[in-house]
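Novice: I am attaching a structure below and will ask some questions about it afterwards.
The values are calculated or read from the model by the stated rules, or taken from the named source; none is laboratory data. For clarity, every value in this text was computed on a predicted model and none was experimentally measured. Note that each Cβ is placed from the backbone with ideal geometry, even for glycine, and that neighbours are counted across all protein chains shown.
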């Protein structure tokens, strides 16, 4: 008998709870006013390409700012779409909180490199290799690529090349400015990084008063064509050969800084001019 009473009590309680939950779903909160706009932007390192100020400015311009508006007058879809179409936003999640705030959670895009030319844009470091722009005030600390080429080249050959550089600590510090023309890749040596190598090895009074040729503002390294699958155009082997050249030059106290051009386009050799 007691067991039966317990079961009946449990069933009645469960039904009541279910009814309360069902009723809560149908409570009309469309007239409740949004108290505050809360924006949370994920951090992707030293530089952020989206700011709270940018998002608020965007929503104000499009008359979509939800603050002090009734829920019924707030279009979550339009707000999300407007934010995701802007600059370097990869994804935006929009929702109301229990305390009637409107929260936006933003995921930023992560650039691998920047293309500078007739069109200025970044290429995202992901599988889709998305092309995107940022606000003029934001500059990412990534390699810069100049030249005349189609966007598809940036998303394929150049992307693969820079991805290779990024996975090599030495090359990623050495190569920060890249030129691409007629399928040939060139880059400017990072002088400061190479001078640091010499100083780290020999101290401040480095060998032969090592310095770069002052008449050359841009010491260029010619890599060659960007077709890493061809035996004679294997940039991985060429750049490894370049690293060996630098290290051997430092060890043997050879002033490679006097050259204005280092050519890697020949098979199994380096030509300095």
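Novice: In contact (Cβ under 8 Å) with a residue 60 or more places away in the chain and outside the structural domain of residue 54 (by TED's automatic domain parsing): does that describe residue 154? Steps first, please.
Specialist: On the way: in contact (Cβ under 8 Å) with a residue 60 or more places away in the chain: no; outside the structural domain of residue 54 (by TED's automatic domain parsing): yes.
It is false that residue 154 is in contact (Cβ under 8 Å) with a residue 60 or more places away in the chain and outside the structural domain of residue 54 (by TED's automatic domain parsing).
Novice: Scanning for something loosely packed, with under 13 Cβ neighbours inside 10 Å, modelled with pLDDT of 90 or more and either closer than 30 Å to residue 239 by Cβ or in contact with a strand residue (DSSP E or B) (Cβ under 6 Å, 6 or more places away or on another chain) (or both), does region 72-93 turn up at least one residue?
Specialist: no
Novice: Residues of region 128-150 being modelled with pLDDT of 90 or more and surrounded by fewer than 13 Cβ atoms within 10 Å (Cβ to Cβ), which ones?
Specialist: Scanning region 128-150 gives 128, 150.
Novice: Follow-up question, since we're still on this one. Can you name the condition, by its number, that residue 30 falls short on among (1) within 21 Å of residue 100 (Cα to Cα); (2) modelled with pLDDT of 85 or more; (3) touching a helix residue (DSSP H, G or I) at 6+ places or on another chain (Cβ under 9 Å)?
Specialist: (2)
Novice: Looking at region 192-225, which of the residues that are within 18 Å of residue 248 (Cα to Cα) and at pLDDT 80 or above is nearest to the chain's Cα centre (by Cα)?
Specialist: 193
Novice: Further question on the same structure: Identify, from the list 149, 161, 102, the residue that is assigned by TED's automatic domain parsing to the domain that holds residue 178 and in contact with a strand residue (DSSP E or B) (Cβ under 6 Å, 6 or more places away or on another chain).
Specialist: 149
Novice: So, residue 241, is that one surrounded by fewer than 17 Cβ atoms within 10 Å (Cβ to Cβ), closer than 16 Å to residue 258 by Cα and modelled with pLDDT of 75 or more or not?
Specialist: no
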